[in-house]
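Notes for the one structure printed next.
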Amino acid sequence: MREDDHVYLSLAEGQDDARWAFGTGFEDPLHGVDTEVPDGVDPAELAALCVGLGDDALVASQRLAEWCTLAPELEEEVALANIGLDLLGQARMLLTRAGQVDGTGRTEDDLAYLREPEHYRNVRLVELPNGDFAFSMARLLVFSAHRLAVFGRLAAAHADPVLRAVAAKGVKELAYHRQYAADWVVRLGDGTDESHRRMREGLEAVAPYVDELFRASGELDREGGGGSVRDEVVGVLAQVAEAATLTVPEFEPMDGDGRAGVHTPCLAPLLFEMQSVARALPGGRW
Amino acid sequence: MTQTATAAAAGADDRLQEHFDQVIAHDRRIEPRDWMPEPYRGTLVRQIAQHAHSEIIGMQPEGAWITRAPSLRRKAILFAKVQDEAGHGLYLYAAAETLGVDRADLTRRLIEGRQKYSSIFNYPTLSFADVGVIGWLVDGAAICNQVPLCRSSFGPYARAMVRICKEESFHQRQGYELLLTMMRGTPAQRAMVQDAVDRWWWPSLMMFGPPDDASPNSARSMAWKIKRHSNDELRQRFVDMTVPQAEKLGVTLPDPELRWNAERGRYDFGTPDWDELKRVISGDGPCNEERIERRRRAHENGAWVREAAAAHARKQAARREAEAGRSQGRVPPKAGPEAGPGDREAR
């Protein structure tokens, strides 16, 4: 038998994790990291920040997973999964950090699988159903532009070194997510009449949920110097919209606040599905 | 054409055929620009397209569990695996395109039921244990089938298979590791694993195709070295590899005839239900319609997106041309924000 015929040889090869997405190869997302909370950082505030950003990423990733096998082209299958995996990796680290510092000792899975919708702290933008590809790209553009602005500030100036490191890694990922979404918003806006209409409607449908993002990140405007998160995001959106032959809608404030646990009716079914297997088999090992 | 010209053309064809036969005989590779007999090309298109379709349809049974994976680590592993399958589909369609067909046309043929995909994906995934069992048995069988294809006589196919087999072996290990973990869990989890093994064992054996004496295309594919081992030989190899793994796992394989044959130095095993295989291949499996319907829906719902991308590309090209006409050598401004890397390699 030739060497390349032998199944065991290919199975026995060394661990080559490089070809795996980040987040698949470890059980403890912050293994080996000094988890001490530095002086001057309020653990409750840090935990709340990590849970909010972690829930945003987890719920956004769950919605991206719903695109799986339904994307308009195979290249988009790969790209949307890439983005979903990046966000899932961010969620794993942020929820783990939250559980470490909030005094409860909860793991990432405790936080993901055992909380009720009203205890989720994600912004409502990420829990909305996927809609068509235009809506999904409008949401991804706004979400990643905002998250990139936030992570840039956290990476530069947050007092917690763990959060700083998580944010620094995330910045590189989010820059790609924002570019990917921007490219599609431009293609769709400047494509056919139908795609232009859908892209405009997508941006309009996202608009009511944008102000909530700025409220959620308002605190960060004092960190990192430079302009506000809002100015940065609005600047990016204006630039993309112009290239897409579209206009940026107004971001009127709307009642409701995901960070306070006040969600749309869309979150509960999403979490019900996500948590169904874990909850059906209490004490299970995975 | 004159008689002389016809004779000369026939002579040239003979020389090309002779060269092709020599390449095959010496275990060298045929490349896309080389001459090849039309039936060789046709067989490869059929096989590579069927393989590509299998990767894409194969995303569905497992992809359905990404949103329900019971831990975030398992969610990441499964998400990455299903993404790999999309990547495999892409390499394989690209390999098929070197033979002069195009992906859109192959996709149409799949959706219209004119080309097939592996019948294993017409079975349903009923619990999360199925994710592990698919990794262990289905990917295990796929590896047995595919590792020899890394030496296929057609270069682009062989090279695509090297990368695919490496990733498949990773998937198999991940699937087996999930099952080992579940078997150390609760009695309910162990029962889930056994139930999944009971359902997937026979369909996995059918993945090697009908028995050799009933496999119409096998002999020619072996002569052309597109295929390297017979269906029955690969099936035997899979059984021999899998039985010790099942013992280590602590599950029972649902075959009363399965036993070690010391004389042969291999396992004896029962006969799969070939009528069932025929039914599933001919479209009458539990999920055939659902799988094709979902693929059709994705393709049709995506049509406006693909049209928009093409329309935008045409507009951009026209603008570039107009710009070049106005001021030679000046590059038009780039659309979109100047954020980070424009392209990132797919993982």
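Some observations on this one:
- Residue identified as over 27 Å from residue B:247 (Cβ atoms) and crowded, with 17+ Cβ neighbours inside 10 Å among B:154, B:208, B:170: B:154
- Taking first residues from segment B:69-81 that are more than 7 Å from chain A (Cβ to nearest Cβ) and partners that are acidic (Asp, Glu), the Cβ contacts under 8 Å between residues at least 6 apart in sequence or on separate chains come to B:78/B:62; B:81/B:62.
- Restricting attention to segment A:56-70, the residues that are at the interface with chain B (Cβ under 7 Å from one of its Cβ atoms), in contact (Cβ under 8 Å) with a residue 40 or more places away in the chain and buried (at least 23 other Cβ atoms within 10 Å of the Cβ) total 1.
A quick yes/no check of all residues on (1) in contact with a strand residue (DSSP E or B) (Cβ under 6 Å, 6 or more places away or on another chain); (2) more than 14 Å from chain B (Cβ to nearest Cβ); (3) of a type outside the set (D, E, K, R):
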| residue | (1), (2), (3) |
| --- | --- |
| A:130 | no, no, yes |
| A:137 | no, no, yes |
| A:147 | no, no, no |
| A:157 | no, yes, yes |
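A quick yes/no check of all residues on (1) under 28 Å from residue B:119 (Cα atoms); (2) at pLDDT below 95:
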| site | (1), (2) |
| --- | --- |
| B:282 | yes, yes |
| B:291 | yes, no |
| B:302 | yes, no |
| B:312 | no, no |
| B:334 | no, yes |
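- Condition check for residue B:66: among the β-branched types (Val, Ile, Thr), within 14 Å of chain A (Cβ to nearest Cβ) and either in contact with a Lys or Arg (Cβ under 8 Å, 6 or more places away or on another chain) or farther than 28 Å from residue A:61 by Cα (or both): yes
- When the helices (runs of 4 or more DSSP H) confined to segment B:1-118 are screened for residues that are hydrophobic (A, V, I, L, M, F, W, C) and buried (at least 24 other Cβ atoms within 10 Å of the Cβ), those reaching at least 3 such residues are found at B:38-57, B:72-97.
- Test: residue B:270 is in a helix (DSSP H, G or I) and either modelled with pLDDT under 95 or small (Gly, Ala, Ser) (or both): no
- Pairs where the first residue, in segment B:174-195, is surrounded by fewer than 21 Cβ atoms within 10 Å (Cβ to Cβ) and the second is among the polar types (S, T, N, Q) and in a helix (DSSP H, G or I), C-beta under 8 Å, 6+ apart: B:183/B:189
- Boolean, residue B:294 is in a helix (DSSP H, G or I), more than 16 Å from residue A:196 (Cα to Cα), at the interface with chain A (Cβ under 7 Å from one of its Cβ atoms) and among the basic types (Lys, Arg): yes
- Tally, over segment A:110-122, of residues that are within 14 Å of chain B (Cβ to nearest Cβ) and either of a type in the set (Val, Ile, Thr) or surrounded by fewer than 20 Cβ atoms within 10 Å (Cβ to Cβ) (or both): 4
- Counting only residues that are in a helix (DSSP H, G or I) and not aliphatic (A, V, I, L, M), segment B:198-212 holds 8 of them.
- Leading residue by the ranking (surrounded by the most Cβ atoms within 10 Å (Cβ to Cβ)) among those in segment A:81-96 that are at the interface with another protein chain (Cβ under 9 Å from one of its Cβ atoms) and out of contact with any Asp or Glu (no Cβ under 6 Å at 6 or more places or on another chain): A:81
- From B:276, B:257, B:263, residue being out of contact with any Cys (no Cβ under 9 Å at 6 or more places or on another chain) and in a helix (DSSP H, G or I): B:276
- Filtered residues of segment A:249-284 (kept if buried (at least 17 other Cβ atoms within 10 Å of the Cβ), among the aliphatic types (A, V, I, L, M) and either over 17 Å from residue A:110 (Cβ atoms) or out of contact with any Pro (no Cβ under 8 Å at 6 or more places or on another chain) (or both)): A:267, A:270, A:274
- Elements of the type helices (runs of 4 or more DSSP H) sitting completely within segment A:187-286 and holding at least 2 residues that are over 18 Å from the mean Cα position of the chain (by Cα), within 11 Å of chain B (Cβ to nearest Cβ) and basic (Lys, Arg): these cover A:193-206.
- Criterion violated by residue A:34 - all others in (1) surrounded by fewer than 16 Cβ atoms within 10 Å (Cβ to Cβ); (2) modelled with pLDDT of 95 or more; (3) away from chain B (no Cβ under 13 Å) satisfied: (2)
- On inspection, residue B:162 passes the criterion of being within 9 Å of chain A (Cβ to nearest Cβ), in a helix (DSSP H, G or I) and under 13 Å from the mean Cα position of the chain (by Cα).
- Failed item in (1) basic (Lys, Arg); (2) in contact with a His (Cβ under 9 Å, 6 or more places away or on another chain); (3) more than 10 Å from every other protein chain (Cβ to nearest Cβ), with residue A:153 passing the rest: (2)
- Unique match (being more than 13 Å from chain B (Cβ to nearest Cβ) and either assigned to a helix (DSSP H, G or I) or modelled with pLDDT of 95 or more (or both)) among A:103, A:52, A:99: A:52
- Once segment B:166-193 is narrowed to residues that are over 26 Å from the mean Cα position of the chain (by Cα) and small (Gly, Ala, Ser), the residue that is farthest from the other protein chains (Cβ to nearest Cβ) is B:191.
The values are calculated or read from the model by the stated rules, or taken from the named source; none is laboratory data. All figures in this text were calculated on a predicted structure; none of them were measured in a lab. Don't worry about glycine lacking a Cβ; one is built from the backbone with ideal geometry, like all the others, and counts go over all protein chains shown.
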